[in-house]
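A short worksheet on the structure shown next.
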Amino acid sequence: MAEDRIRIDKWLWQARFFKTRSLAAGVVTAGHLRVNGDKTAKPGRAVGPGDVLTFRQARDIRVVRILECGTRRGPAAEARLLYDDLAPGDSVPSRADGQE
């Protein structure tokens, strides 16, 4: 059974948004992540089902609702069950600022 709450950096890594947990923590620490509309810079912040995350991934702005915390970093099909993409199809494009 999955936990009710999990660190945001660990969840982003388990849900396969970032290749490493340290990359996920870096995005959070840099202030590029919002939880339920509020900026956070603490990778240890606990999140759980129902929380809405907004963050940059490459050139896109992702908006996802957490459905489950999960227990491991599994295959992509399993990771996809951890969240609901609130911008189906194409993600919300970010402004062109030359960053990859």
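The values are calculated or read from the model by the stated rules, or taken from the named source; none is laboratory data. Computed from a predicted model, the values in this text were never measured in an experiment. Glycine also receives a Cβ, built like all others from the backbone with ideal geometry; neighbour counts cover every protein chain displayed.
Quick notes
- Condition check for Thr20: of a type in the set (Ser, Thr, Tyr) and modelled with pLDDT of 95 or more: yes
- Among the residues of the stretch 9-42, those that are under 16 Å from Arg80 (Cα atoms) and either touching a Gly at 6+ places or on another chain (Cβ under 8 Å) or not aliphatic (A, V, I, L, M) (or both) comprise Lys10, Trp11, Trp13, Gln14, Ala15, Arg16, Phe17, Phe18, Lys19.
- Looking across the stretch 55-78, the residues that are farther than 15 Å from Ile6 by Cβ and in contact (Cβ under 8 Å) with a residue 12 or more places away in the chain come down to Phe55, Arg56, Gln57, Ala58, Arg59, Asp60, Ile61, Arg62, Val63, Ala76.
Yes/no matrix, rows are residues, columns are (1) over 17 Å from Arg73 (Cβ atoms); (2) among the hydroxyl-bearing types (Ser, Thr, Tyr); (3) surrounded by 15 or more Cβ atoms within 10 Å (Cβ to Cβ); (4) modelled with pLDDT of 95 or more:
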| position | (1), (2), (3), (4) |
| --- | --- |
| Arg7 | no, no, yes, yes |
| Ala15 | no, no, yes, yes |
| Asp38 | yes, no, no, yes |
| Thr54 | yes, yes, yes, yes |
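- For the stretch 13-36, a residue qualifies if it is over 15 Å from Leu53 (Cα atoms) and among the basic types (Lys, Arg), and the qualifying residues are Lys19, Arg21.
- Among residues of the stretch 1-22, those that are outside any loop (DSSP other than H, G, I, E, B), of a type outside the set (D, E, K, R) and under 18 Å from Val64 (Cα atoms), counted: 6
- Filtered by the rule that a residue be more than 11 Å from the chain's Cα centre (by Cα) and of a type outside the set (Lys, Arg), the stretch 1-33 gives Met1, Ala2, Glu3, Asp4, Ile6, Thr20, Ser22, Leu23, Gly26, Thr29, Ala30, Gly31.
- Check on Glu3, at pLDDT 95 or above and acidic (Asp, Glu): no
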